[in-house]
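Take a look at the structure below.
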Amino acid sequence: MKRKSIRDLPSLAGAYRRTKPSTREQASTELARMEHERARLEHELGICTAHQKRAMARLQGVNNRIATLKAIIDPLSGSAAQPDAASGGSLLDAQPVKDTKPGWREVTLEY
């Protein structure tokens, strides 16, 4: 094995962890420690998975909102969202004046 830095050198503590326990007590102590470490890592993995699922759900909601807003901004793009009749009207209460560029319309707003 080629050593590139001082971190690649084996340490005394690392060699101690890699040796087989010499007595039954040492083996049972290490077994208990490893079972505790496994339980801790499984718990941490469960938390990470729950956070990932929650983040994916939030990301999906954000993507849906982006698609809705893009449909409002550019309704001629083909994937325009049609307003619900139950929601109380149109998405924009404005009258189109004229086409200036393909996909864009001028609108007048009254205050």
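Points to keep in mind about this one:
- Number of the exception - Lys70 against (1) surrounded by fewer than 10 Cβ atoms within 10 Å (Cβ to Cβ); (2) closer than 30 Å to Arg105 by Cα; (3) not hydrophobic (A, V, I, L, M, F, W, C): (1)
- Some residue of the range 68-86 being in a helix (DSSP H, G or I), at pLDDT 85 or above and in contact with a helix residue (DSSP H, G or I) (Cβ under 8 Å, 6 or more places away or on another chain): yes
- If you check Gly46, Gly14 for being at pLDDT 95 or above and either surrounded by 10 or more Cβ atoms within 10 Å (Cβ to Cβ) or over 15 Å from the mean Cα position of the chain (by Cα) (or both), only one passes: Gly46.
The values are calculated or read from the model by the stated rules, or taken from the named source; none is laboratory data. Values in this document were obtained by computation on a predicted structure and should not be read as measured data. Here Cβ is always computed from backbone atoms with ideal geometry, including for glycine, and neighbour counts include all displayed protein chains.
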